[in-house]
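One structure is given below, encoded as C-alpha cells.
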Amino acid sequence: MTPSTDAPTPTLHSPPSFPRSLFPAHFGGPVFRRELAAASRRTSLYVSRFLFLLLLGGILWIVYLSAVSETRAVYSSPASRLQDLQRMAPSLALAVLWVQAIALAFTAPSALSGSFCDERRRKTLDALLTTPLKPWQICLGKLAAGLSSSIILALLAVPILLAIRVYGGIDATSIFAGLALAFSLALLGGTFSMLASIWSRKASTASFFAFLFLLIAVLGPLLLVLFIQLSNMGAPPSPSSIRLMNASAISAMISLNFSILGATGGMPFDPIVSCTVASTYHLILSALAFLLSTVLVRRLMLATSDGATATVIVARKPSKKTTNPATPTQPTPDQPTPDQPAQTDLNTATDQRLVLPPGVRRKTSRDVGDTPVLWRELSQPLLKRPIVGALLLIALCGFCVYLFLALRAERVAAFFITTLCFSTMLLLQAGTSTTGGISSEREARTWDVLLTTPLTPTAIILGKLAGALRSLWLLPTVIALNIFCLGVLSGSLRGITLLNIALALTGPVLLLCALGVRFSLTSRKSSAASTKNTMVALGLWIGLPLAVSLLRPVLELAGFSNRFEPLYKAAVNVVLALNPYPLIVSSLMGGWGAQGRYFIGEENFVDPATFTLISAGICLAYTIAAALVTLSTIRSFAKGVGRTQR
C-alpha cells in the first residue's frame with residue numbers, strides 16, 4: 001500500500017498593503033484594541049467627560065451672564081437683541097476654544113503617562129515586545145488609544161461652536177484654526193508622555209516630564225526670541241524673530257483671541273498664519289518624539305531577545321569599586337575557608353558586624369529602627385543618575401546667570417522670569433511626581449506585602465509623605481541659590497525676599513504633597529492620581545480666581561452689586577492672597593524697590609513686616625490644610641485595613 005501524496009500545498013499570501021500594515025488585522029491593531037477596551041471599562045473616563053461638559057457649560061453660562069449684564073441697558077427691540085447676541089458670540093467661542101485647548105493639553109499627557117510604565121509594572125512588557133508587532137506599530141497603537149479620549153473631549157465642544165456661529169460674527173476659519181491648534185497640542189503632549197513613559201519607572205514621573213517638555217516646547221520660541229533680543233541690545237524685533245514667535249501656542253491663541261474679537265491688540269502677525277505655524281511646529285516635534293520612542297522600543301526589543309529584562313533602557317558600566325562575582329576572592333584571616341567550619345562565639349556574637357567584600361563601601365546606614373517605611377523613603381538616592389542631575393543643576397544655574405548678566409538695566413525682569421518659571425516647575429512636580437508613593441506599590445504588587453507588616457497607618461502615610469517631600473529638593477535649591485547668590489549678595493534684592501518666597505511656596509507644596517499621597521491611596525494608578533492632583537491645583541489657583549472675577553456681572557444682573565460690593569472685594573483679596581503667584585510677584589517687587597512697598601490682594605499696600613506676617617499666616621493656613629488632609633488619609637487607610645491609627 002503506497003502512501004498518499006495528496007498533501008495540501010501551502011498557500012502563499014501576498015504581503016499586506018502599506019495602509020493595512022499601519023493597522024494590522026483590522027483597524028487599530030491589537031495594541032489599540034486592547035488599550036481602548038481597557039479604557040472603556042474605567043468609570044473615570046465617563047466621569048471626566050461629564051465634568052468637562054459641566055465645566056464648559058458653567059463657563060459659558062458665566063460668560064453669557066457677563067455679556068447680558070453689559071447689554072441689558074441698551075435692550076429695546078428684537079433687532080437690538082439680535083445684535084447683542086452677535087456681539088456675544090465671539091466671547092462664547094473664545095471661552096470654548098480656551099477651555100478646550102487647556103483641557104487637551106492636560107488630559108493627553110495624563111492618559112499616556114502609563115502606556116509603558118503600566119506594562120512594566122504588570123510585568124507584561126517583555127511579552128508585548130516578543131510579539132511580531134514592529135516597534136512603530138506598538139507605539140502607534142498606544143498613542144492612538146491614549147489620544148482617543150482627548151479627541152472625544154474635543155469633539156464634545158464642536159456642536160457648541162457650530163451652534164454659536166448661528167448668531168454670526170465669527171469666521172469659520174478662525175474656529176478651525178483654534179481646533180487644529182488644540183489637536184496638535186494634544187498630540188504633542190501625548191507623544192512626549194509616551195516617550196517619557198518608556199524610560200520612567202513610575203507613571204507619575206512620566207507625567208511630570210511630559211508636562212515639563214510640553215511647557216518647554218510652548219515657551220521655547222518666546223524664550224529664544226528673548227535671547228535674540230538680549231543679544232541685539234534692545235533693537236526692534238526683526239522679521240525672523242516675529243516669525244519665530246508664531247511657533248508658540250500662546251502667541252497663536254492670543255492673536256486668535258484678538259482676531260475673533262475684532263481687535264488687533266498690537267499683534268504683528270496674522271492669526272491664521274500663526275495658528276498654522278504653531279500647529280506645524282507641534283506636528284514636527286510630535287514626529288521627532290514618536291521616532292525617538294520607536295528607537296527606544298527597538299532597543300528594548302533587542303535587550304529582550306538577548307535574554308535581558310526590558311526595564312533598563314541604558315546599560316551602565318560596572319563600578320570599579322565593586323568586585324566581580326565570577327572572580328573568587330581570597331579569604332581573609334578572620335573568614336573561614338569552605339573546608340573549615342565557621343566558629344562562632346555566642347558571647348561575642350552581638351559585637352560582630354557584617355564583613356563586606358574587599359572594595360565595597362557601605363554608603364548608608366542599615367539601621368532601620370521602628371520606621372522602616374520612612375527609612376526606605378529617605379535612603380533612596382537623590383539622583384539615580386548623578387551625572388545627569390549635576391548637568392541639569394549646572395544648566396539651570398547657568399540660565400539664571402545668563403539672564404542676570406544680559407538684563408543689566410532691568411535685572412528685576414531676570415528674577416521675575418527665573419523665579420516664576422522655576423516656581424511653576426516646582427508646583428508641577430509637586431502635583432504630579434508625588435502621587436506615586438502608594439499607587440506604585442500597588443502596581444508593583446508590593447502593597448499587600450506591606451500591609452502584612454505590623455506597621456501602623458500613621459507610620460506608613462507619614463513615611464510616604466516624607467519621601468514625596470524629599471524628592472522635590474532640586475528646584476527649591478536652584479530658586480534659593482538664584483535669589484541669595486545673584487539677588488541678595490549682589491545687592492539687587494533684600495534679604496527678606498528669600499524668606500517671603502520660601503513662605504509663598506512652602507504652603508502650596510505641602511498641600512500638593514499631602515493631596516498626592518491622598519489620591520495615591522484612593523486611585524488604582526499613579527497617572528490617575530497625578531491627574532486629580534493637577535486638576536485640584538488648576539481649580540484652586542486658576543479656576544477659582546476666574547470664577548470670582550466673573551461673579552461681579554452676575555451680581556450686577558441680579559441687582560445686588562451695591563449690597564455685596566464689600567463682600568465681593570473681600571473674596572477677591574482672599575483668593576489672590578491664597579494664590580502663590582501674586583505673593584511671589586509682590587515679594588520680588590517689594591524686595592527690589594527702594595521704598596519696599598508690598599501688595600496683598602487687589603490694591604492693599606503694606607509694609608515689609610506686615611507682608612511677611614501675612615505670608616507666614618497664609619503658609620500656616622496651607623500647612624493646617626495639609627495636616628488635615630494627611631489626618632484624613634490616615635483615617636481612611638486605617639478604616640480600610642481595619643487597624644488602629646497608632
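The values are calculated or read from the model by the stated rules, or taken from the named source; none is laboratory data. Everything quoted here is computed from the prediction, not taken from an experiment. Positions of Cβ are backbone-derived with ideal geometry, glycine not excepted, and every protein chain shown enters the neighbour counts. Ligands, DNA and RNA are excluded from the accessible area calculation, which covers all protein heavy atoms including side chains. Shrake-Rupley method; radii C 1.70, N 1.55, O 1.52, S 1.80 Å.
On the full set of protein chains, 1.4 Å probe, figure out the accessible area of residue 107 and give it in Å² to the nearest 10.
For residue 107, solvent-accessible area is about 30 Å².
Using θ = phi - 60° and the Karplus curve 6.51 cos²θ - 1.76 cosθ + 1.60, what whole-Hz ³J(HN,Hα) does each residue of the range 534-548 get, with Gly and Pro shown as x?
Here the 3J(HN,Hα) series is 5, 5, 5, 5, 5, x, 6, 10, 10, x, 5, x, 5, 5, 5 Hz.
Across the range 416-426, in residue order, what do the Karplus-derived ³J(HN,Hα) couplings come to in whole Hz, using 6.51 cos²θ - 1.76 cosθ + 1.60 with θ = phi - 60° and x for Gly and Pro?
Along the range 416-426, the couplings run 5, 5, 5, 5, 5, 5, 5, 5, 4, 5, 5 Hz.
If amide H atoms are built 1.01 Å from N in the plane of the peptide, which residues on other chains or at least 5 residues away come under 5 Å of the amide H of residue 598?
It is 606, by chain and number.
Could you tally the net charge around residue 377, taking each other residue with its Cβ under 14 Å from the Cβ of residue 377, Lys/Arg +1 and Asp/Glu -1?
So the environment of residue 377 carries a net charge of +3.
Please work out how much accessible surface residue 448 shows to a 1.4 Å probe, ignoring ligands, DNA and RNA, in Å² rounded to 10.
Roughly 110 Å² of residue 448 is accessible to a 1.4 Å probe.
Using 27 Å as the Cα-Cα cut-off, could you pick out the over-long pairs in 142/464; 123/639; 532/569; 532/639? Before the final figure, lay out the partial values.
Working: 142/464 31 Å; 123/639 31 Å; 532/569 30 Å; 532/639 22 Å.
The answer is 142/464; 123/639; 532/569.
Sort 447, 473, 592 by heavy-atom solvent-accessible area, probe 1.4 angstrom, most to least.
Largest accessible area first, the residues go 592, 473, 447.
Going by amide H atoms built from the backbone, whose H comes under 5 Å of the H on residue 493, apart from near neighbours?
Long-range HN contacts for residue 493: 488.
On a 1.4 Å probe surface of the protein chains, which of 251, 40 comes out largest in accessible area, and what is the full order? It would help to have the intermediate numbers written out before the result.
Values: 251 10, 40 55 Å².
Output order, biggest surface exposure first: 40, 251.
Using a 1.4 angstrom probe and counting only protein chains, how large is the accessible area of residue 88 in Å², to 10?
Surface accessible to solvent at residue 88 totals approximately 10 Å².
How do 202, 123, 142 stack up against each other in accessible area, from largest to smallest, with a 1.4 angstrom probe?
Accessible-area ranking of 202, 123, 142, largest first: 123, 202, 142.
What shape does the range 472-551 take by its C-alpha gyration tensor, where a ≥ b ≥ c are the square roots of the eigenvalues and a/c under 1.5 counts as rounded, a/b above b/c as prolate, and the rest as oblate?
Oblate, since a/c reaches 1.5 and b/c is not below a/b.
From the phi of every residue in the range 395-403, what ³J(HN,Hα) in whole Hz does the Karplus formula 6.51 cos²θ - 1.76 cosθ + 1.60 yield, where θ is phi - 60° and glycine or proline is x?
Per residue, the Karplus-derived 3J(HN,Hα) values read 5, 5, 5, x, 4, 5, 5, 4, 5 Hz.
Could you let me know the centre-to-centre spacing of the range 180-210 and the range 445-473, using Cα atoms, in angstrom?
About 27 Å separates the Cα centre of the range 180-210 from the one of the range 445-473.
Summing Lys, Arg as +1 and Asp, Glu as -1, what charge do residues with Cβ under 12 Å from the Cβ of residue 432 carry, residue 432 excluded?
+2
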